[in-house]
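Contents: one structure, followed by commentary.
The values are calculated or read from the model by the stated rules, or taken from the named source; none is laboratory data. Since the structure is predicted, the reported quantities are computational estimates derived from the model, not experimental observations. All Cβ positions, glycine included, derive from the backbone under ideal geometry; neighbour counts span all protein chains shown. Quick note on the areas: whole protein, heavy atoms, side chains included, nothing else; ligands and nucleic acids left out. Shrake-Rupley method; radii C 1.70, N 1.55, O 1.52, S 1.80 Å.
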Amino acid sequence: MTAAGDRLGPTLFERSRPGRGGGKIPHPPKDALSRIPADHLRTDGPHLPEVAEPELTRHYVNLSQLNYALDTGFYPLGSCTMKFNPKVNEWAARLPGFADLHPFAPDELAQGTLQLLWELEQALAEIGGMRAVTLQPAAGAQGELTGILMVRAYHRARGDFGRTEVLVPDSAHGTNPATASMAGFRTIEIPAAADGGIDLDGFRAHLGPTTAAVMITNPSTLGLFESRIGELLEAVHAAGALAYMDGANLNAIMGRFKPGEAGFDLMHINVHKTFSTPHGGGGPGAGPVGVGEKLLPFLPWPRVLREPDGTFRTERPGERPQSIGRMRAFAGSTGVLVRAYAYIRAHGAAGLREVSDDAVLAANYLKARLAGVLDIPFSRHCMHEFVASGATLKAQTGIRTLDVAKRLIDYGYHPPTIYFPLTVEEALLIEPTETEALETLDAFVAALRAIVDEAHNDPELLHSAPHSSPVRRLDETTAARQPNLRWRGMTGEQTPCPD
Ligand SMILES: *Cc1c(COP(=O)(O)O)cnc(C)c1O
């Protein structure tokens, strides 16, 4: 057994005893069974575990406490903006007027929600410097697809069918090339310049009549602000292509840089990264897309409109014939959008700018403090995240970034993103976010320092880390490719996850 105690103890199936029951639940009406058509009735009962309610509750609560969460500790996962989200936004999202609204409710009965969605669109458009926003996409990746489908519709509407390529820097998030392929384009990867930024000449060499769009992440996934963005956007537009901005890193630039004003034609915003919503558990997100003038006709249908009398309605079928159509059922992930609205209204313009300033300050502080501990490949000021590298440590001790990350778990931290971006050897992508206290950042530095010392003095300790977690070092490839999630009966001393 490990520090997890018996939390990984017997499964509910193993605890099951015939006839043991759960809580008291309301009895169904006497004729319930006879009301179900005979061919819909099952012939034998479900094989469910039979346990008492306390056993059931403890089982799941104990399992839930094995989760590492922002509510339990520091979570410096780069490229993800795992920041603490104010609980008041959870309260807002649960207000019955929002939470209980039927998705098919007619507009007259949904005025409050429609108003919130409309106002959120206005706020996001203002923040991004865009003309309008669609709130439909379910996450950043679907926002990208929405955006690139609009790009395709735009070129086709002009009768230009020759634009078959999308240019993407090689540091891009994997969703960028995946999006371009899904939308039917060929992705061309442009290697970064030596300073980690956009290679202007590399882009220029590929820009032309076959370019549909470039997709740029700014600040980049290296945490660097693209200083040559103005020149790049000029070249993109001169070639007749559109400029897509991956806005996943908006947490670094709010109130300082408006992509639309800088010349980007469209961008997605990961509201679950920038504007509150617990994120990382695979739950719902939202990836609104903002567009400039050129793409307005192509926005997904239906949009929320405000009438001259101040009421709100959704677009009627066929009202905007050039729309790319629906990207998601109903109005999008409304609960997530309520959280974003609450976050934006609570902070206001000045507050959002402060969020970004603090995120950048925290990242630069950590980067400076880690300078003597790990390699820092790009010395210029970072934005909300930065890349460190364990290349020297590996050369000196044989300890890899993976070992460091696993050992951080023993020290009580969620590891940062590792081996991404792919362009940096033994990379750690570290994002502290604006919500962490100075003492937390200092303690994280101390932990990394201690681990580097261990790498020199007791490397075996790191090779076999983590030592305190319920499961130890997994074979990551097998765990990902052939996950074994099947329950099977076990007896005696066996546990589902032996040390
Ligand atoms: C997170 C992220 C995405 C994808 O967004 P999801 O909301 O996870 O689908 C795209 N690009 C970058 C740079 C990201 O960090």
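Restricting attention to the range 140-156, does a residue exist that is open to solvent by less than 30 Å² (accessible area, probe 1.4 Å) and part of a loop (DSSP other than H, G, I, E, B)?
There is no residue in the range 140-156 that is open to solvent by less than 30 Å² (accessible area, probe 1.4 Å) and part of a loop (DSSP other than H, G, I, E, B).
Of the residues Glu108, Glu119, which is of a type in the set (Asp, Glu), away from the ligand (no atom under 16 Å from the Cβ), open to solvent by less than 60 Å² (accessible area, probe 1.4 Å) and not in a loop (DSSP other than H, G, I, E, B)?
Step by step, each of Glu108, Glu119 is checked, and only Glu119 is of a type in the set (Asp, Glu), away from the ligand (no atom under 16 Å from the Cβ), open to solvent by less than 60 Å² (accessible area, probe 1.4 Å) and not in a loop (DSSP other than H, G, I, E, B).
Tell me whether the range 266-275 contains one or more residues that are within 11 Å of the ligand (Cβ to nearest atom) and on the phi > 0 side of the Ramachandran plot.
For the range 266-275, residues within 11 Å of the ligand (Cβ to nearest atom) and on the phi > 0 side of the Ramachandran plot: absent.
Select from the range 276-302 the residues that are in contact with a helix residue (DSSP H, G or I) (Cβ under 8 Å, 6 or more places away or on another chain), modelled with pLDDT of 95 or more and crowded, with 17+ Cβ neighbours inside 10 Å and list them in ascending order.
Correct list: Ala286, Gly287, Pro288, Val289, Gly290, Val291, Gly292, Leu295, Phe298, Leu299, Pro300.
From the set of residues in the range 435-471 that are within 30 Å of Thr277 (Cα to Cα) and touching a Ser or Thr at 6+ places or on another chain (Cβ under 9 Å), which is least open to solvent (accessible area, probe 1.4 Å)?
Per the criteria, the residue is Ser469.
Quick one: in the range 200-231, of everything that is more than 16 Å from the ligand (Cβ to nearest atom) and within 27 Å of the chain's Cα centre (by Cα), which residue is most open to solvent (accessible area, probe 1.4 Å)?
The extreme case among them is Ser227.
Arg131 fails exactly one of the following numbered conditions: (1) in contact with an Asp or Glu (Cβ under 6 Å, 6 or more places away or on another chain); (2) open to solvent by less than 30 Å² (accessible area, probe 1.4 Å). What is the number of that condition?
(2)
Got a number for residues in the range 54-93 being without any contact (Cβ under 8 Å) to a residue 24 or more places away in the chain and either crowded, with 17+ Cβ neighbours inside 10 Å or farther than 30 Å from Ala443 by Cα (or both)?
5
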